[in-house]
Amino acid sequence: MSEKSTRVLRRPPVWLPPALLTLAVTLTGLDSAQLWRDELATWSAATRSPGELARLAGTIDAATGPYYLLMHGWTTVAGDSTVALRLPAVLAMAVAAGLLAVLGGWLVDRRCGLFAGLLFAVLPGTSRYGQEARPYALATMLAVLATVLLVAALRRPSWARWTGYAVAVTALGLIHLIALTLLVVHALVVVVTWWRGPAAAGVAAPAAPGAARDGRMWRWVVAVVPVAVLVGPLLIEARTQRSRQLNWVHLARLDDLSALPGGVTQSSVVGGLLVGVAGLGAARLGRRALLPVSAVLLPVLLLFAVGAVVPLWVPRYLVFVVPFACLLAGAALAAVPARAALVVVVLAGLLGLPDQAALRRTHEWPRTAPVDYAGAARVIAEGQRPGDGIVYSPRRSWLFLDLGIDYHLADRPRDVLVTEDEDRRGDLWAAECPDPARCLTGAERVWLVLSGRHGEPLPAVPGKKGDALREGFTVTQVWQRPGLTVALLNRRSDR
């Protein structure tokens, strides 16, 4: 065996170091931050029955329905602890890093893939969304997987490869509808490959033929048919729910584009560094940059164009483009000595350390405004008595006060104002009694949980609920916890 062959055998596969590094980074402090509001919605949905999930999808959350169903199966096996809920995202990001290294190796060279994967591993955004029980890490993994399988099918067309691509891209659409903007990128690459050959699209294998008028185009069209069949109805249903699901989103503005790198990487400094190095990589690659450059720019520009008319612009919806920016950066790093490239990777990791530490304290934004659901639940647990009730203000809030307390307090007081819980309603919020004074009858002690800090909690409760509480109860004690106020109310003795 030659010396060169021995070195190749001893060298680990290109995907292994990035995958292991990503796994190590994202596992660190996995349960340090409490579940935040979006993750509480995941927990609420994942612990419902399939029938209840179907009702939820038909009411407000069709776009996330397939992910919730997946998490339902996962939690049935793994449980619903913070670590269990977040572990699928950890594994997805590790796989995404490995696949990115493979893709970089195919499109450029082994060094490009390796440095791209390592850079991706140390980004604060990789940890942020790799430690979140939401679909963005899975979408990132599927976006890279679908692109890897597309390149494989374009290089060596076969029905097996195109079938694998069809499965991956359909799964991508089911997990994250916005990520289907990647299909525009794939369509562009397929058209250029069909018209000018794989080399012109930057996807040619070393021994690939120069011409490509051999059926790749129509095979790709057939491969995306399942997307239209399976994802199309989901898209239509999700569109009807947009006013409820995204009522907190504003129209996109030009300054949103400049803030995007910091948003998806969870660090403005690291995001700026990534953009700069990726630009150098794009210049180095020339026409070979068609796929990664398009995969970064086209989804962003498409969502921005739509978001300027319809409120859809949310930076985290575009996390799946980050690996492709890392691929471009990897191409730049592959052109310099290995030590210099590693210095850049380490520098990115060091610059991101403050954000890495912050996101392990809280997933809320801004991170200076955490919400301590666990602290509020401990207050109630320590002072709770049999027969106590609990009231939330506000109930219909994206903070999900009731879910936060429910998650951390299994033996919780009776929710005295609930007439129909969220599971039966097929919603994220329970229905409350229209006559709070009547429903509070018989309650001698009530725990009041409010969003924000309130020295005088009763005046902060609006409407009929506040009137009933002020008329029937007095405040015995108040506890302040980050983002929340807990008050113990006792029935007035003169009532």
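For the chain, the relative contact order works out to 17 percent when only alpha carbon pairs closer than 8 Å and six or more residues apart are counted. Net charge in the neighbourhood of residue 140 (other residues with Cβ under 15 Å of its Cβ; Lys, Arg +1, Asp, Glu -1) is +3. A straight line joining the Cα centroids of the range 224-253 and the range 426-483 runs 35 Å.
Roughly how tilted is helix 290-307, in degrees to the nearest 10 and between 0 and 90, from the longest Cα axis of the chain? With rounding to tens, the tilt is 30 degrees.
Distances between every pair of Cα atoms in the range 328-382, grouped in 10 Å steps from 0 to the bin holding the largest one, split as 20, 27, 21, 16, 10, 5, 0 percent. Ordered from highest to lowest accessible area with the whole protein assembly present and a 1.4 Å probe, 193, 47 read as 47, 193.
Note on residue 310 and residue 368: the model spin-label points, each 7 Å out from Cα along the C-beta direction, lie 3.6 nm apart. Rg/Rh, computed from the Cα trace of the chain with Rh as the Kirkwood radius, has the value 1.04.
Annotation: cysteines of the chain without a disulfide-compatible partner (Cβ-Cβ under 4.7 angstrom) are 112, 326.
In the context of the full set of protein chains, the range 293-424 has a per residue accessible area of 42 Å² (1.4 Å probe).
Panel values: the range 1-134, Kirkwood radius from alpha carbon pairs, Stokes-Einstein at 20 °C and 1.002 mPa s, translational diffusion coefficient 130 µm²/s. Look at where the Cα atoms of the range 365-394 and of the range 54-78 average out, and the two centres are 26 Å apart.
Measuring between their Cα centroids, the range 96-119 and the range 121-156 lie 12 Å from each other.
Under conditions of 4 °C and 1.567 mPa s, the range 360-454 yields 91 µm² s⁻¹ as its translational diffusion coefficient, taking Rh as the Kirkwood radius over Cα pairs in the Stokes-Einstein equation. Rg/Rh, computed from the Cα trace of the range 443-495 with Rh as the Kirkwood radius, has the value 0.95. Kirkwood-type hydrodynamic radius, the range 232-306: 14.7 Å, calculated from all non-identical alpha-carbon pairs.
Give me the tail of P(r) for the range 297-440 as a percent: Cα-Cα pairs with distance above 20 Å. Considering the range 297-440, 69 percent of its Cα-Cα pairs are separated by more than 20 Å. Annotation: Cα Rg of the range 241-380 relative to the compact-globule expectation 2.2 N^0.38 Å equals 1.26. Taking a quarter of the surface of the Cα convex hull of the range 21-86 gives a mean projected area of 4.8 nm². Per residue, the chain reaches -18000 deg cm²/dmol at 222 nm when only DSSP H runs of four or more residues are counted, each adding -39500 (n - 2.57).
Here the range 136-210 is treated as a Stokes sphere of Kirkwood radius computed over C-alpha pairs; at 20 °C and 1.002 mPa s its diffusion coefficient rounds to 171 µm²/s.
Take the Cβ-Cβ distance between residue 184 and residue 54 as r, set R0 to 22 Å, and report the resulting FRET efficiency rounded to the nearest 0.05.
Values: r = 31 Å, r/R0 = 1.40.
It comes to 0.10.
The values are calculated or read from the model by the stated rules, or taken from the named source; none is laboratory data. None of these values were measured; they are calculated from a predicted model. Ideal geometry is used to build each Cβ from the backbone, glycine not excepted, and the neighbour counts take in all protein chains shown. Heavy atoms of the whole protein, side chains included, go into the accessibility calculation; ligands, DNA and RNA do not. Shrake-Rupley method; radii C 1.70, N 1.55, O 1.52, S 1.80 Å.
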